[in-house]
Amino acid sequence: MTSTEDPAARAGELRRLLDYHARRYYVEDDPEIGDDEYDALYNELRDLEAAHPELTTPDSPTQRVGGQPVERLEKVRHLQPMLSLANVRSAEELRAWVARMRAHLAREGIADAQFRFVCEPKIDGLAISLLYRNGVFERGATRGDGEVGEDVTHNLRTIAQIPLVVDGAPPLLEVRGEVYMSLPDFAALNERLAAEGRSTFMNPRNTAAGTIRQLDPALAAGRPLSMLAYAIGTVEGLELTGQWEALAWLREHGFHVNSEIVALEDEEAVVAQCLEWEQRRGGLEFEIDGVVVKVSDFELQRRLGAAGRDPRWAVAWKFPPTTAKTRLLAIHWNVGKFGDLHPFAELEPVHVGGVTVKLATLHNEEDLARKDLRPGDEVIVLRAGDVIPQVVSPAPHAVENPDREPPPRPPERCPVCDTPTVKPAGSVFTNCPNTACAGRQWQLLRHFVSRGAMDIDGLGETLVGTLLNQGLVRNAADLYALGEDQLLELEGFGEISARNLIAAIDASRERPFHRVLFAIGIEEVGGVTARNLASQFRSLDRLLAATPAEIEQTPGVGPKMAEAIAAQLADPVLLELIERIRAAGLRLEEDGPPPGDGPLAELTFVLTGTLPTLTREQASERILTAGGRVTSTVSKKTDYLLAGDSPGSKLAKAERLGVAVLDEAAFLALLE
Ligand SMILES: [Zn+2]
């Protein structure tokens with residue numbers, strides 16, 4: 001800002017710019033400027049308002065998160081009731097609804113009415129009403145009982161998809177919509193909470209509903225809520241002809257409107273659309289529990305009117321429920337790759353979300369304790385979309401049963417190998433410490449043959465289980481001793497398939513050392529660490545001989561991790577496996593020049609974003625074969641950040657630390 005500029009004018013301009021860019025980002029998903037640029041504009045406005053408090057307006061973008069907590073939620077009477085909808089559950093019921101409308105209109109003197117139906121996915125969120133006066137967001141309320149809701153303006157302000165100002169709005173405008181949490185946002189929120197050691201949320205709907213009713217808006221600002229507008233309620237000074245036109249108007253005026261919504265002329269097309277969404281519900285970014293079908297034309301809506309509380313011109317096509325009640329028969333425990341015991345529920349088979357469910361995940365023992373599930377309880381099972389079914393809670397009356405079983409405890413002995421279990425400090429898992437445990441071996445073998453590891457074609461987890469159960473293999477090394485004749489004895493194998501599998505196992509002998517190091521299953525050694533260890537030590541023998549202090553010299557490896565790696569490399573079971581895969585001819589040495597050799601000798605790289613021609617894997621490969629190193633986080637020790645499109649926070653950090661940034665062309669030039 002120049003000193004001659006009028007602060008009020010500049011503040012107004014900044015608000016317009018920020019609103020515009022927020023809309024590009026949050027509503028249109030098509031940002032024009034980067035986060036840094038946005039932040040700069042925002043900070044300028046915030047500073048300007050701090051210097052001139054009289055310039056702060058309630059519709060300023062800075063006021064989204066700065067609101068004061070309220071003491072209680074005030075009751076709000078809606079200008080016109082937020083109606084409920086009658087349900088239909090089948091094609092027949094939908095056709096009957098259309099027939100009833102035709103009959104009603106015929107009695108009104110309208111024969112052969114032409115309908116245009118607007119079909120909207122029914123998001124499983126929280127219905128809200130937004131009131132704008134002269135284009136300024138004045139008040140937002142929950143639906144409540146349809147007549148009276150609660151004032152939650154302070155929380156709705158924090159949702160970036162709700163415009164605080166609407167250019168070109170009529171004097172009075174009420175917009176209705178659904179507040180929800182998208183599935184990716186919900187997953188990320190729970191991941192963050194889990195990482196902070198706090199309890200996680202059960203489902204997106206309750207999380208969104210609970211957040212919106214908080215008294216302190218700071219809470220809502222910290223949770224990723226979204227809003228989709230679906231209707232205009234009370235309005236003065238705006239003439240629209242139908243629902244379809246209203247949605248277009250909302251979209252044009254900065255509201256987030258679901259792009260999935262369609263208009264259809266024919267009732268059979270509506271049925272097909274509802275069935276299609278029912279199929280696709282698991283693949284959407286938000287949970288939907290049905291489809292709202294509305295007659296678009298407002299004049300027809302008026303003529304159809306309401307029957308009791310339900311409008312005649314709209315119905316909700318309800319999907320089959322995704323929750324069901326059933327009995328929890330028992331809790332069992334699975335053994336993971338490194339001995340962690342994972343609880344899961346055995347259920348009385350129940351039909352939910354279109355499939356029969358017999359087993360459901362319980363995540364970990366803290367999850368189990370928090371939900372207070374006991375064998376014999378009647379429980380609520382959730383199967384949302386394609387996710388693994390989970391047990392949500394006991395049924396309300398189950399917890400009052402005086403004859404309930406005691407809370408289940410993690411097993412004192414491993415359910416697979418009977419070794420006494422241990423509970424490491426700071427872990428949410430009880431652990432089977434026996435590294436030769438058959439349960440662990442199964443998981444390890446699945447990992448060994450998997451895509452990112454030895455990538456053995458045609459060896460899936462079922463076959464891994466069969467090989468173990470038939471006693472043909474005990475661990476990964478045994479795979480290399482398998483013969484075609486042994487496979488032929490297994491059900492489903494013919495000469496060709498047996499030969500192909502043996503060939504695939506043979507081919508895996510050529511996988512580079514770092515893949516072998518990843519495949520043998522050392523806790524904490526993921527793909528990137530395996531690469532770095534391989535490039536640091538060059539051979540497994542050198543790594544085996546290394547002290548924790550030496551291992552710690554590897555990029556990306558801290559002292560604790562180095563200790564843990566060294567301890568595992570001394571385990572006799574792992575050492576035996578290593579000797580046997582060595583004998584089987586797997587590669588235990590790194591190709592290419594050692595660090596200190598090659599054009600990128602001793603240089604450390606971090607990769608971010610999408611490169612124009614190379615995949616990240618290919619770029620890493622090039623760096624490593626040229627003698628360089630790859631780590632995952634930018635630090636002062638990083639020599640270069642190789643950045644493609646959408647680089648994210650790593651680029652900002654590199655710039656802050658003065659780390660040189662390369663694009664792909666510059667990187668390829670460096671390799672020359
Ligand atoms: Zn065990």
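The values are calculated or read from the model by the stated rules, or taken from the named source; none is laboratory data. Owing to the predicted nature of the structure, the values given are computational and were not obtained by experimental measurement. Positions of Cβ are generated from backbone atoms using ideal geometry, with glycine treated the same way; all protein chains shown enter the neighbour counts.
Exactly one residue out of E412, E461 is of a type in the set (D, E) and at pLDDT below 90, and it is E461.
The set of residues in the stretch 424-435 that are near the ligand (Cβ under 10 Å from one of its atoms) and either touching a Lys or Arg at 6+ places or on another chain (Cβ under 9 Å) or without any contact (Cβ under 8 Å) to a residue 12 or more places away in the chain (or both) comprises N431, C432, N434.
Could you say whether any residue in the stretch 315-329 is surrounded by 19 or more Cβ atoms within 10 Å (Cβ to Cβ) and in a helix (DSSP H, G or I)? Within the stretch 315-329, not a single residue is surrounded by 19 or more Cβ atoms within 10 Å (Cβ to Cβ) and in a helix (DSSP H, G or I). Return yes or no: is L600 within 21 Å of L668 (Cα to Cα) and surrounded by 20 or more Cβ atoms within 10 Å (Cβ to Cβ)? Yes, satisfied.
Scanning the stretch 147-198 for residues that are acidic (D, E) and closer than 21 Å to Y20 by Cα returns a single hit, D167. In contact with a strand residue (DSSP E or B) (Cβ under 6 Å, 6 or more places away or on another chain), of a type in the set (K, R) and either over 30 Å from Y20 (Cα atoms) or surrounded by fewer than 17 Cβ atoms within 10 Å (Cβ to Cβ) (or both): does that describe R116? Answer is yes for this residue.
Which residue out of E348, E366, E412, E378 is surrounded by fewer than 18 Cβ atoms within 10 Å (Cβ to Cβ) and in contact with a helix residue (DSSP H, G or I) (Cβ under 7 Å, 6 or more places away or on another chain)? Just one listed residue meets the conditions, E378. Here S296 meets the list (1) in the same structural domain as V98 (by TED's automatic domain parsing); (2) in contact with a Leu (Cβ under 7 Å, 6 or more places away or on another chain) almost entirely, failing just condition (2).
Selection of first residues in the stretch 198-212 that are outside the structural domain of L382 (by TED's automatic domain parsing) and of second residues that are part of a helix (DSSP H, G or I) and of a type in the set (V, I, T), restricted to Cβ pairs under 6 Å at least 6 apart or on distinct chains, gives the following pairs, ordered by first then second residue: F201/T207.
Restricted to helices (runs of 4 or more DSSP H) entirely inside the stretch 437-523, those with at least 3 residues that are outside the structural domain of E579 (by TED's automatic domain parsing) and either free of Cβ contacts under 8 Å to residues at least 12 places away in the same chain or within 16 Å of the ligand (Cβ to nearest atom) (or both) are 438-449, 461-469, 495-507.
Does S539 meet the test of being of a type in the set (G, A, S), surrounded by fewer than 22 Cβ atoms within 10 Å (Cβ to Cβ) and modelled with pLDDT under 95? Give the steps one after another, and end with the answer.
Numbers: of a type in the set (G, A, S): yes; surrounded by fewer than 22 Cβ atoms within 10 Å (Cβ to Cβ): yes; modelled with pLDDT under 95: yes.
For S539, the condition - of a type in the set (G, A, S), surrounded by fewer than 22 Cβ atoms within 10 Å (Cβ to Cβ) and modelled with pLDDT under 95 - is met.
With respect to the conditions (1) at pLDDT 90 or above; (2) more than 30 Å from P320 (Cβ to Cβ); (3) part of a helix (DSSP H, G or I), V76 lacks only one, and its number is (3). When the criteria are applied in full, G585 meets the requirement of being surrounded by fewer than 17 Cβ atoms within 10 Å (Cβ to Cβ), over 38 Å from the mean Cα position of the chain (by Cα) and part of a loop (DSSP other than H, G, I, E, B).
E178 passes every criterion in (1) charged (D, E, K, R); (2) touching a residue at least 60 places away in the same chain (Cβ under 8 Å); (3) surrounded by 16 or more Cβ atoms within 10 Å (Cβ to Cβ); (4) outside any helix (DSSP H, G or I) apart from (2).
Is it the case that some residue within the stretch 317-339 is under 20 Å from R116 (Cβ atoms) and touching a residue at least 60 places away in the same chain (Cβ under 8 Å)?
Going through the stretch 317-339, the residues under 20 Å from R116 (Cβ atoms) turn out to be 317.
Narrowing further to those that are touching a residue at least 60 places away in the same chain (Cβ under 8 Å): 317.
There is at least one residue in the stretch 317-339 that is under 20 Å from R116 (Cβ atoms) and touching a residue at least 60 places away in the same chain (Cβ under 8 Å).
For the stretch 311-322, the condition holds for no residue, the condition being that it is hydroxyl-bearing (S, T, Y) and at pLDDT 90 or above. Checking each residue in the stretch 24-71 for being in contact with a His (Cβ under 9 Å, 6 or more places away or on another chain), assigned to a loop (DSSP other than H, G, I, E, B) and acidic (D, E) picks out E28, E32.
The set of residues in the stretch 219-234 that are of a type in the set (S, T, Y) and surrounded by 20 or more Cβ atoms within 10 Å (Cβ to Cβ) comprises S226, Y230. Select from the stretch 599-617 the residues that are farther than 18 Å from L533 by Cα, without any contact (Cβ under 8 Å) to a residue 60 or more places away in the chain and outside any strand (DSSP E or B) and list them in ascending order. Result: G609, L611, P612, T613, L614, T615, R616. Could you tell me which numbered condition R116 fails, if it satisfies all but one of (1) within 34 Å of the chain's Cα centre (by Cα); (2) closer than 13 Å to V270 by Cβ? Tallying (1) within 34 Å of the chain's Cα centre (by Cα); (2) closer than 13 Å to V270 by Cβ, R116 fails exactly one: (1). When the test is whether a residue is surrounded by fewer than 16 Cβ atoms within 10 Å (Cβ to Cβ), closer than 21 Å to T326 by Cβ and without any contact (Cβ under 8 Å) to a residue 24 or more places away in the chain, D418 does not pass it. Based on what the data block shows, is R404 surrounded by fewer than 19 Cβ atoms within 10 Å (Cβ to Cβ) and either in contact (Cβ under 8 Å) with a residue 24 or more places away in the chain or assigned by TED's automatic domain parsing to the domain that holds V464 (or both)? It is true that R404 is surrounded by fewer than 19 Cβ atoms within 10 Å (Cβ to Cβ) and either in contact (Cβ under 8 Å) with a residue 24 or more places away in the chain or assigned by TED's automatic domain parsing to the domain that holds V464 (or both). All conditions in (1) within 16 Å of the ligand (Cβ to nearest atom); (2) of a type in the set (K, R); (3) surrounded by fewer than 16 Cβ atoms within 10 Å (Cβ to Cβ) hold for K337, with the sole exception of (3).
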